1. Determine, for the range 111-172, the count of lysine pairs separated by eight or more sequence positions (or lying on different chains) whose alpha-carbon distance falls under 29 Å.
2. Could you work out the Rg to Rh ratio of the range 50-138, with Rh taken as the Kirkwood radius (inverse of the mean 1/r over all Cα pairs)?
3. Kindly write out, for the range 80-96 in residue order, the coupling ³J(HN,Hα) from the Karplus curve 6.51 cos²θ - 1.76 cosθ + 1.60 (θ = phi - 60°), rounded to whole Hz, with x marking Gly and Pro.
4. Scan around Leu117 for amide H atoms under 5 Å from its own, H built in the peptide plane at 1.01 Å from N, and keep only partners 5 or more places away or cross-chain.
5. Note down the magnitude of the dipole of the range 17-145 about its Cα centre, charges +1 on Lys and Arg C-beta and -1 on Asp and Glu C-beta and zero elsewhere, to the nearest 20 debye.
6. Tell me, what HN-Hα J-couplings in whole Hz come from the Karplus equation 6.51 cos²θ - 1.76 cosθ + 1.60 at θ = phi - 60° for each residue of the range 112-123, using x for Gly and Pro?
7. GluC sites (Glu not before Pro), restricted to the range 45-76: which are DSSP loop and have at most 11 other Cβ atoms within 10 Å?
8. With Cβ to Cβ distances under 9 Å as the rule, what net charge do the other residues near Ser89 carry (K, R +1; D, E -1)?
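Derivation of every value follows stated rules applied to the coordinates shown; laboratory data play no part. This is a predicted model, so every value here is computed, not measured. Note that we place each Cβ from the backbone using ideal geometry, even for glycine, and neighbour counts take in every protein chain shown.
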Amino acid sequence: MAKYLFLLFFVLQISAEEMIIGKEKIKPGIDITFEAAPKDTIHPEGIYLKENATDIHIEMLANWSNENPYDFPTGGFVPYLSVLALIESNNGESVQIDLAPHINLIDSLHYAKNIQLPGKIDDIYNVTFIINADQEVNLGIHNDWHKKVGPYISKHTFVYKDLSFKKIANTIRQ
């Protein structure tokens, strides 16, 4: 029992360290959460930016909501999305990154990337997220979806201003 309480405490401690940037809802019944998390080692090594060259881990969670009209499993991961983040510092520097599918024990499947901020850790940032269907994946769309919904996902843009990543950049994952 003590082992499980420790694990629960550990999970809550890590999840409490994430910074919620914003929450959105998009059609057809998808909950979106944008987060900044402490940097982490991501495998396979060599493909992702090393933890010691990273300031933060930026994430987007995309899950079917309990309001989705198709009875998809609530909380289930929404795959085959293209997620772009444009991060702009108040000093005029910027970086554009594609978020890639990741998996961990806290968020399960999500889109994320280790990044080095384009300015100083204590700068103020604006972040623009652009979500679209992944055009590089040959996703088959059955006629029932095509008739009722149309394209898999339409393009969405969300802008968040005046963000400070200083606290999360100085947090070390437990």
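1. Values: Lys113/Lys155; Lys113/Lys161; Lys113/Lys166; Lys113/Lys167; Lys120/Lys161; Lys120/Lys166; Lys120/Lys167; Lys147/Lys155.
Value for the range 111-172: 8.
2. Working: Rg = 15.1 Å, Rh = 14.6 Å.
That ratio equals 1.04.
3. 6, 10, 9, 10, 10, 10, 10, 10, 10, 7, 5, 8, x, 7, 8, 9, 10
4. Asp55, Ile56
5. Using only the charged Cβ atoms, the result is roughly 120 debye.
6. My calculation for the range 112-123 gives 6, 6, 6, 9, 9, 4, x, x, 7, 4, 8, 5 Hz in order.
7. Qualifying residues, ordered by number: Glu67.
8. -2
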